[in-house]
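Bear in mind these aren't lab numbers, they're just calculated from the coordinates by the rules spelled out. In this text, all values refer to a predicted model and were calculated from it rather than measured experimentally. Note that each Cβ is placed from the backbone with ideal geometry, even for glycine, and that neighbours are counted across all protein chains shown.
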Amino acid sequence: MTSQIDAIRTAILEGAPAEDIANLPIPESTRAAVILAEEQEMFAGMASEEKDPRQSVHIQDVALPEIAPDEAVIAVMATSINFNTVWTSIFEPVSTFGFLKRLGKESAWGARHDQPFHVMGSDASGVVLRVGSAVRNWKPGDRVTVHCNHVDDQDPTSHEDSMLSSNQRIWGFETNFGGLADLSIVKANQLMPKPEHLTWEESAVNALCNSTSYRMIVSKNGAGMTQGQSVLIWGATGGIGAYATQYVLNGGGIPVGVVSSPERAALLNEMGCEAVIDRRAEDYKFWKDDNTQDQKEWLRLGKKIRSLVGRDVDIVFEHPGRQTMGASVFVAKRGGTIITCAATSGFMIEYDNRYLWMNLKTLKGCHFANYREAYEANRLVCEGKIHPTLSRVLTLEQTAEAALMVHRNEVEGKVGVLALAPAEGLGVTNPEMRERLLPQITLYRRFNA
Ligand code: NAP
């Protein structure tokens, strides 16, 4: 089995022709980062910040099931940590084994996902090794990235916007056999071309966060930002925030980036974001205690924004949730939009509804992206208009440590994880384009050097 995976790695690194890749034997099992059903109660009663992925994440071999006709097996060269890796590994807000059980009851193919282990991971770059009989647009040897929208296209509700599909799932979070492995199973409609000018690890970190921010900022399904609009971006150098900052700048908007250190503020400036708020230095305390918000602090944030950009923001890019939502609803302009995709600091939200209705604001939910949106977001990366925000690179064996860093808010941008790629820096097929864009591509990596 080791020799089979070595043969796959060698063929990819040596640029073997597609026919050779198609004929490589596929191992029956794969190395993977998993959590175990038998341990899902291990953190019961503990505070979120005390839960340590190093106790729950294991690297082990798991059996690979047969692929369905609309699926592909990919060799994962690199993958990434997302915040959903943190949620999965600390069993919050719920254990993901419930998702796998539900999927298991849906169909015979769904039953493959209901296992005593869960292979995590919702990003990957790699090479297609096998495709099912119904796959038309992809073939063995194709170099790909993977987006995480897992949709059953036989469901009529998936055909206006697949994110509205009643059985929409996030691959590697609500399904098994995710990207934190040497081999992974994906639906063919998750595949997208790998950017030629990027390394495997740079290519692997974009799809989840970049597509989410594209839908939130650019798409008509999100805030649909237009030129000259101002956008308050919480966590503006974080996983989704760093892509949101790029979209606002690219689209002729004015980002107001919130971060929590002078170093992150400097990084934002280097990205071209001039209006920056260091929330730690300003010491905002939106909650006086667990039950009472401080409207004076909302006012203080609003004044700070006006001092920076001269007016209230058109859009708030919201995801911290409980800690910030009251302020976010307050500071959006009359008629403005608060677009939210998460609640890292708590999902039971409180805001003053008078500011929402009297000022005709919109609070809009948003979640990942449909295939078209993810493909557009990936095209912008392929064309060098949006850049990866890779800041650190670890190995698959270090998945738990990498998840802990994200859990503790120690990371700017994204953490890449090497799976079959033996080292950083491999996989580039357009070195001229890379050379031209090198300062932007490596900005976050240099920041952490
Ligand atoms: P991340 O890389 O950890 O970045 C989040 C940023 O938020 C941090 O850099 C931090 O920036 C800021 N932040 C954290 N706690 C905060 C607080 N209490 N108040 C204000 N700012 C705070 O995570 P991410 O990948 O960007 O994901 C953020 C959230 O979105 C997670 O909950 C994730 O699960 C969710 N998400 C949802 C979707 C979806 O499709 N629905 C997709 C991607 C992510 P500073 O400390 O510098 O301010």
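Restricting segment 337-394 to trypsin sites (Lys or Arg not before Pro) that sit in a DSSP loop and have at most 15 other Cβ atoms within 10 Å of their own Cβ leaves 385. By the count of other C-beta atoms within 10 Å, a proxy for reagent exposure, 145, 337, 292 are ordered fewest to most as 292, 337, 145.
Taking the chain as a Gaussian network of alpha-carbon nodes connected by springs under 10 Å, the highest mean-square fluctuation of the residues 108, 419, 204 belongs to 108.
Calculation over all alpha carbon pairs of the chain in 10 angstrom steps from 0 returns a P(r) of 4, 22, 32, 26, 12, 3, 0 percent. Full extension of the segment from residue 300 to residue 446, taken as 0.36 nm per residue of separation minus the current Cα-Cα distance, would add 49.1 nm. Relative to the longest principal axis of the Cα atoms of the chain, the long axis of helix 371-382 makes an angle of roughly 90 degrees. Counting only residues at least eight positions apart within a chain, or on another chain, the aspartates and glutamates with an alpha carbon under 20 Å from that of residue 288 are 278, 297, 350, 352. With contributions of -39500 (n - 2.57) from each DSSP H run of at least four residues, the per-residue ellipticity at 222 nm computed over the chain stands at -8500 deg cm²/dmol.
Altogether, the Stokes-Einstein calculation at 4 °C and 1.567 mPa s, with the Kirkwood radius of segment 223-365 over Cα pairs as Rh, returns a diffusion coefficient of 87 µm²/s.
In this structure, the amide hydrogen of residue 256, modeled 1.01 Å from its nitrogen in the peptide plane, lies closer than 5 angstrom to those of 231, 232, 233, counting only residues at least 5 positions away or on a different chain. Pairs over the 28 Å Cα-Cα cut-off, from the set 105/187; 51/303; 51/414; 51/285: 51/303. Sorted on the mean count of surrounding Cβ atoms within 10 Å across their residues, most packed first, peptides 152-160, 236-244, 326-334, 134-142 read 236-244, 326-334, 134-142, 152-160.
Working note: Cα atoms of segment 400-446, range along each principal axis, descending, whole Å: 37, 25, 10.
Counting other beta carbons within 10 Å of each Cβ, put 395, 85 in order, fewest first. Walk me through the numbers on the way to the answer.
Numbers: 395 16, 85 33.
By the 10 Å Cβ count, ascending: 395, 85.
Once the Cα atoms are used to define both axes, helix 262-271 deviates from the longest principal axis of the chain by about 70 degrees. Could you tell me how far the Cα centroid of segment 318-389 sits from the Cα centroid of segment 1-56, in Å? What the calculation gives is 33 Å, centre to centre. The ellipsoid that matches the Cα gyration tensor of segment 1-134 has semi-axes, each √(5λ) in whole angstrom, of 31, 18, 12, with the longest given first.
Please give the length that would be gained between residue 102 and residue 4 if that part of the chain were fully extended, namely 0.36 nm times their separation in residues minus their C-alpha to C-alpha distance (nm, one decimal). It would help to have the intermediate numbers written out before the result.
Details: separation 98, 0.36 × 98 = 35.28 nm, distance 3.34 nm.
Working it through step by step, the gained length comes to 31.9 nm.
Amide H to amide H distances under 5 Å link residue 394 with 416, 417, 418, where only residues 5 or more positions off or on other chains count and H is placed in the peptide plane. Calculated on the Cα set of segment 162-231, radius of gyration then Dmax: 14.9, 44 Å.
Considering only Cα-Cα distances, which of the following residue pairs are longer than 24 Å: 194/220; 304/333; 139/385; 304/361? Checking Cα-Cα distances, 194/220; 139/385 exceed 24 Å. Contact order for segment 223-365, expressed relative to its length and based on alpha carbon pairs under 8 Å spaced 6+ residues apart, stands at 19 percent.
What is the projected area of the convex hull of the Cα atoms of segment 282-413, averaged over all directions, in nm²? It would help to have the intermediate numbers written out before the result.
Working: hull surface 43.5 nm².
With every direction weighted equally, the projected area is 10.9 nm².
Computed packing ranks the peptides 220-231, 65-76 as 65-76, 220-231, most packed first, by mean other Cβ atoms within 10 Å. Relative to the longest principal axis of the Cα atoms of the chain, the long axis of helix 2-13 makes an angle of roughly 70 degrees. In plain terms, the residue of 297, 263 with the fewest other Cβ atoms within 10 Å comes first and the most crowded comes last, giving 263, 297.
Past the 25 angstrom mark, what percentage of all C-alpha to C-alpha distances in segment 178-283 do you count?
Working: 1726 of 5565 pairs.
I get 31 percent for the Cα pairs in segment 178-283 exceeding 25 Å.
If each of residue 14 and residue 353 carries a label point 7 Å out from its Cα toward its Cβ, how far apart are those two points in nm? Inter-label distance under the simple model: 6.7 nm.
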